Amino acid sequence: MPSTLTHLVDSLLGAYSLILLCKAIVSWFPVNPYNPIVRFLDHLTEPVLIPVRKKVPPLAGMDLSVVLVLVVISILRKMIWSF
């Protein structure tokens, strides 16, 4: 039977996935980098994305760090529920 901790971790990972998706969508549009929403998203995501960017170079000029982090989060969520 899944514990409360399992639900909490899964919910946090799900929420962070949504934040990453918002960051990706916002990056497709010409927005002011000083916009409070953009700054908030950057503040939450850049500490995770910067190390990934250092390890994985852009592919054809596209930053794949968000996609890779989302894949890792998806794997982690599946692993949590498999235990």
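Odds and ends about this structure:
- Here the Karplus curve 6.51 cos²θ - 1.76 cosθ + 1.60, taken at θ = phi - 60°, turns the phi angles of the stretch 9-22 into couplings of 4, 5, 5, 5, 5, x, 5, 5, 4, 5, 5, 5, 5, 4 Hz, with x standing for Gly and Pro.
- Under 5 Å between amide hydrogens, built in the peptide plane, is the criterion, and for V56 it picks out nothing among residues at least 5 positions away or on other chains.
- Once backbone amide H atoms are built at 1.01 Å from N, L64 has L59 as its partners under 5 Å, excluding neighbours fewer than 5 places away on the same chain.
- Placing a pseudo-label 7 Å from each Cα along the Cα-to-Cβ vector at I80 and A60 gives an inter-label distance of 3.3 nm.
- Of the accessible area of the chain, computed with a 1.4 Å probe over protein heavy atoms only, carbon and sulfur atoms account for 75 percent.
- When the chain is treated as a Gaussian network with alpha carbon springs shorter than 10 Å, the biggest mean-square fluctuation among V67, V48, V31 belongs to V31.
- When the P(r) is computed for the stretch 39-78, the part past 14 Å accounts for 52% of the Cα-Cα pairs.
- GNM remark for the chain: springs join alpha carbons under 10 Å apart, and the peak mean-square fluctuation among P30, P47, P57 falls on P30.
The values are calculated or read from the model by the stated rules, or taken from the named source; none is laboratory data. Computed from a predicted model, the values in this text were never measured in an experiment. Cβ sites come from the backbone with ideal geometry, for glycine too, and all protein chains shown count toward neighbours. Each accessible area value is taken on the protein alone, full model and side chains, heavy atoms only, with ligands, DNA and RNA left out. Shrake-Rupley method; radii C 1.70, N 1.55, O 1.52, S 1.80 Å.
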